[in-house]
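The structure appears below as structure tokens.
Values quoted throughout were computed directly from the atomic coordinates according to the rules given, and no laboratory measurement underlies them. These figures come from a predicted structure and were not determined experimentally. We place every Cβ from the backbone using ideal geometry, glycine too, and count neighbours over all the protein chains shown.
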Amino acid sequence: MNILMVGPDPRAKGGMATVLSNFQQYYSHPEQRLFFLSSWSEEQKWRTEWRAFQMIRRIIREEQIDIVHFHVAQKGSFFRKALLARLVPKRCRVIFHMHASQFDVFFQQSSIFIQNQIRKALDRLDRLVVLSDSWADFYKRLTNTAVTVIPNAVKLPEQSIFQLSSKTIVTFGRMGQRKGSYDLLQVAREIEAIFPDVHFVLYGDGEAKQIAAVIRAQQIQNVSIGGWIDTEEQQEVLENALLHFLPSYHEGLPMAILETMAAGIPNLSTGVGGIPDVIQDGENGMLSEPGDVKDMVSKLTSFLKDSRRQKMYSVAARSTIKNQYSLKAYHEKWMDIYDALR
């Protein structure tokens, strides 16, 4: 069986590219072969998109593709994949793997006409795969296509790299309102008065300039911006991280949370998207409601004061990934999906 994966360049930034990269590096099955077609890249966006439209039928024909597995977000990503899916021959099965963090907002803010087009595109699929039960409930209201939940997964490092002596709180991903970056700045200001030696570092892209301007204007001394870093650099950063802090308003299931937990780094995040499926508040990490700065400060203060709690969350976080979100189990679920569709 031959499977064609269509999505962003696996070398690109972002969680979806990381998922594709993991498929490319680690997926192995004696009777299933993966092929990859990039439909988006940062450096040559339009050329990559145009090439995907030109190449998809040819690849399907020449490589005798049985299943086309599209990696999909919202807005432009959804419409590109919906158009590409129309080019797939009827003999092939089509999967939409939904990574979108705000598909509900995107759908609700669309016109009635666009909403109908979205429903029609989803109804033409053979399978819809989503990241959590909450997202499954949402998509089941839009389509009659079968919906399967497969949470994201990560490669488990050989050992935990958590350091109790660390004083650095990190954030990975795109900066902006959706990620709660401005709430993070408020939290940091309050934490500075209690723990002056604790420092927050934001790694990623997005609204970095706007965030930096707020830091300067408010003279926040304990926050800095580290920019976008690659996987190797991320490992070095995690070796000195006490906590990963992601106060998002909308999410699918962030790879950054899974990757940090796998390394033994506890998380403080919010109960949105698939995050509550992974983080159990007070057991393997901490959860607050989006925008609840007061609660975030309270939980972070308790965490920073209690080394036993820090160690407990670290051990439990890594155990959660090992037992439930390992790549081996993840890829076995995909093998079953492909076999069911053949």
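Fraction of C-alpha pairs exceeding 33 angstrom in the chain: 29 percent, rounded to a whole number.
Computed from the C-alpha gyration tensor, the three semi-axes of the ellipsoid equivalent to region 211-320 are 21, 18, 15 Å, from longest to shortest. The separation of region 119-185 from region 265-310, counted between C-alpha centres, amounts to 17 Å. Using the Cβ-Cβ distance between residue 281 and residue 105 with R0 set to 35 Å, the FRET efficiency from 1/(1 + (r/R0)^6) comes to roughly 0.90. Pairwise Cα distances in region 158-279 exceed 17 Å for 54 percent of all pairs.
Computed over all pairs of different Cα atoms, the Kirkwood value for the hydrodynamic radius of region 4-137 is 15.4 Å.
Using the alpha carbons alone, the radius of gyration of region 1-64 stands to its Kirkwood radius in an Rg to Rh ratio of 0.99. Computed log10 I(q)/I(0) for region 152-212 at 0.17, 0.21 Å⁻¹: -0.74, -0.95, from the Debye equation with unit scatterers placed on every C-alpha and solvent omitted.
What's the FRET efficiency of residue 61 with residue 141 using the Cβ-Cβ distance as r and R₀ = 30 Å, to the nearest 0.05? Step by step, r from the Cβ atoms, then E = 0.25.
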